[in-house]
1. Taking segment 167-201 on its own, how many of its residues are under 18 Å from the mean Cα position of the chain (by Cα), of a type in the set (Gly, Ala, Ser) and closer than 25 Å to ILE95 by Cβ?
2. Is it the case that some residue within segment 206-215 is assigned to a loop (DSSP other than H, G, I, E, B), within 21 Å of LEU311 (Cβ to Cβ) and among the hydrophobic types (A, V, I, L, M, F, W, C)?
3. Sort out which residues of segment 156-188 are surrounded by 18 or more Cβ atoms within 10 Å (Cβ to Cβ), in contact with an Asp or Glu (Cβ under 9 Å, 6 or more places away or on another chain) and not β-branched (Val, Ile, Thr), and write them in order of number.
4. Tell me, which helices (runs of 4 or more DSSP H) lie completely within segment 227-345 with 3 or more residues that are in contact (Cβ under 8 Å) with a residue 12 or more places away in the chain and surrounded by 21 or more Cβ atoms within 10 Å (Cβ to Cβ)?
5. Only one of LEU137, LEU148 is in a strand (DSSP E or B) and under 21 Å from ALA284 (Cα atoms). Can you tell me which?
6. Within segment 48-90, how many residues turn out to be basic (Lys, Arg) and touching a strand residue (DSSP E or B) at 6+ places or on another chain (Cβ under 6 Å)?
Amino acid sequence: MPRPESPPQVLCLGEALLDRLGPPGGDPATDHPCTDRLGGAPANVACGLARLGTPAAFLGRLGRDPIGAAFAALFAARGVNTRALQWDERLPSRIVLVRRDAAGERSFGGFAGGLTEPGAARFADQALDAEGLTAALRPLLAQARWLLVGTIPLASPAAASALQLACRQAAAAGVALALDVNWRPTFWDAAADPASGPDPLAIAAMRPLLEQAALIKCAREEAEWLFGSVDAAALSAALPQRPAVVVSDGGAPLSWCFGALSGGLPAFPVTLADSTGAGDAFTAGLLHRLCAEPQLLTAQQAEASSMVAALRFAAACGALVCQGTGAIDPQPDPARVQAFLSAAT
């Protein structure tokens, strides 16, 4: 049964898409069987927050197609607010081809379908309408604590304009910005090497988000590309607003800096089935705890134990998602997270 909506505390803006997971070691464009899973980092985080009990909204654009219909049903079932969800009558929802190696680690290898008109948007998420988003955002920002964004919308002119406008509205309303860098070169250039870093133009486009964010989450390689360091405290010190920072590194320890506190946190050892969405589950878990304990954003020494507990909670969310297939289906509720943490201590 659909869950009733509550005023969202976290607004998740960006892409909702279908991850087409190839067989381990295979190519999802040609090899079978493939597994189709709903995904997209902002959609993943919104669903993860809702599963944990923190009201969330998804702000984005989907096609009027079976993928869009599946997301509408999912958001209704999870209780995700969709008042800022836009529908495109012409452009389809995006399908991303995801390769998985034999160990379950994934990489992104382009897209399936979409319109092919030269110079035009291929997918609905690229056509996010700024004017429509502005009107929908006003009532949502009144009670929200966070606006979560990534950098993928910056790759498309219309979506970039909508994202930038939303960030300005959030700042004016006193709503904190959370940035998951989530660099995906194939969204900027479908022919790009999936392992390549951002060029100077992409970095310049990201810079305003980096300098507004109160919380930044990035992967180790993203930290190296953007800052030349993987130390969270160094990243925070390199930005004028001194944001909270988390630098993740797969199964290796993560680096973190919140207020006066910084340190590392080992990853939980788990049997990896599929790492898709693990970072988004971590982000959902962390924002869930920051909504409950907002003082942790600028933590002082007295909050050290609470800060570590919040990061362990977020890491447990990510570890649990790694043990299932896809980004959304394996997301845990609080009882499952606590059971995992109890077993891990």
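1. Residues meeting the conditions: 0.
2. Start the filter on segment 206-215 by keeping residues that are assigned to a loop (DSSP other than H, G, I, E, B), which leaves 213-214.
So of that shortlist, the ones also within 21 Å of LEU311 (Cβ to Cβ) come out as 213-214.
Subset that is among the hydrophobic types (A, V, I, L, M, F, W, C): 213-214.
The answer is yes, given that some residue of segment 206-215 is assigned to a loop (DSSP other than H, G, I, E, B), within 21 Å of LEU311 (Cβ to Cβ) and among the hydrophobic types (A, V, I, L, M, F, W, C).
3. Those that are surrounded by 18 or more Cβ atoms within 10 Å (Cβ to Cβ), in contact with an Asp or Glu (Cβ under 9 Å, 6 or more places away or on another chain) and not β-branched (Val, Ile, Thr): SER156, ALA159, ALA162, ASP180, ASN182, TRP183, PRO185, PHE187, TRP188.
4. Details: elements: 232-237, 278-292, 304-322, 334-344.
Filter on segment 227-345 gives 278-292, 304-322.
5. Working: LEU137 fails: in a strand (DSSP E or B).
Within the list LEU137, LEU148, the selection yields LEU148.
6. Residues of segment 48-90 basic (Lys, Arg): 51, 61, 64, 78, 83, 90.
Okay, now just the ones that are also touching a strand residue (DSSP E or B) at 6+ places or on another chain (Cβ under 6 Å), so 61, 64.
So the answer is 2.
Readers should treat all values here as calculations from the given coordinates under stated rules, not as data from a laboratory. Nothing here was measured: the structure is a model prediction, and the numbers come from that model. Neighbour counts run over all protein chains shown; Cβ positions are idealised from the backbone, glycine included.
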